[in-house]
Amino acid sequence: MNEISSWIEECVSTHPVCAENTWTTKPASNNGLPRRLLRLRDCHRDPPLVRLEDTSNSQEYRYIALSHVWAYTEPYKTTQENSLEHKDRVPWENLSRPLQEAVALSLTLGYELLWIDSLCIIQDDPLDKERELPRMSLIYGQAAVVFAA
């Protein structure tokens, strides 16, 4: 993990574009920032607390993104039915192992925010998908780090 942290630090300190993307405040509705992120809390708990959080135009967000093949990761999804529950807590036991590992990796690297499309886009809401899907490349582009599973 120290090596990955040093790569991130090197990227941010030596690449102006990376530094701008990682540290600049940008509104959630513009410039590729997602409308929702997963807030991760270790709190010395096992498992960690994961909850869905709406982003705000007035805050800065440093987040990690997970790019994953749904056929492989078998992701648990946010739907209209469970979206309110997810704002309180995303059930850890419902997350597939790759998604659990993404949460653990984010926390290990010191990030409390994570974007996973299956959880941060309401999958059975056509309007939400219409807004968010075209912006996915921007969302990945604004992430401090993107991991693949």
Seminar exercise, completed: For Ser106, the lone unmet condition from (1) of a type outside the set (Lys, Arg); (2) within 28 Å of Pro134 (Cβ to Cβ); (3) without any contact (Cβ under 8 Å) to a residue 40 or more places away in the chain is (3)
Problem set entry | Filtered residue count, region 75-113, keeping only those that are of a type in the set (Gly, Ala, Ser) and either surrounded by 16 or more Cβ atoms within 10 Å (Cβ to Cβ) or touching a strand residue (DSSP E or B) at 6+ places or on another chain (Cβ under 8 Å) (or both) | 4
For this session: Within region 34-53, track down each residue that is modelled with pLDDT of 95 or more and open to solvent by 20 Å² or more (accessible area, probe 1.4 Å).
Result: Arg36, Arg39, Arg51, Glu53
Seminar exercise, completed: Note on region 54-74: residues open to solvent by 20 Å² or more (accessible area, probe 1.4 Å), among the small types (Gly, Ala, Ser) and within 18 Å of Ser106 (Cβ to Cβ) are Ser67
Exercise. For Trp7, which of the numbered conditions (1) over 23 Å from Lys129 (Cα atoms); (2) modelled with pLDDT of 70 or more; (3) hydrophobic (A, V, I, L, M, F, W, C) fails to hold?
Worked result: (2)
Problem set entry | Given (1) more than 12 Å from Leu37 (Cβ to Cβ); (2) crowded, with 18+ Cβ neighbours inside 10 Å; (3) in contact with a His (Cβ under 8 Å, 6 or more places away or on another chain), index of the condition Ala148 fails | (2)
Problem set entry | Extreme residue, modelled with the lowest pLDDT, among residues of region 124-144 that are buried (at least 17 other Cβ atoms within 10 Å of the Cβ) and part of a loop (DSSP other than H, G, I, E, B) | Ala144
For this session: Go through Thr108, Thr78 for me and flag whichever is of a type in the set (Ser, Thr, Tyr) and under 17 Å from Asp42 (Cα atoms).
Result: Thr108
For this session: Being among the aliphatic types (A, V, I, L, M) and over 12 Å from the mean Cα position of the chain (by Cα) is the filter; apply it to region 54-99 and report the residue that is modelled with the lowest pLDDT.
Result: Ala71
Exercise. Among the β-branched types (Val, Ile, Thr) and out of contact with any Leu (no Cβ under 7 Å at 6 or more places or on another chain): does that describe Thr78?
Worked result: no
For this session: Confirm whether Tyr72 is in a loop (DSSP other than H, G, I, E, B) and not charged (D, E, K, R).
Result: no
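The values are calculated or read from the model by the stated rules, or taken from the named source; none is laboratory data. Model, not experiment: these values are computed from the prediction. No Cβ is skipped: glycine too gets one built from the backbone with ideal geometry, and neighbour counts run over all protein chains shown. For accessibility, only protein heavy atoms count, side chains too; no ligands or nucleic acids. Shrake-Rupley method; radii C 1.70, N 1.55, O 1.52, S 1.80 Å.
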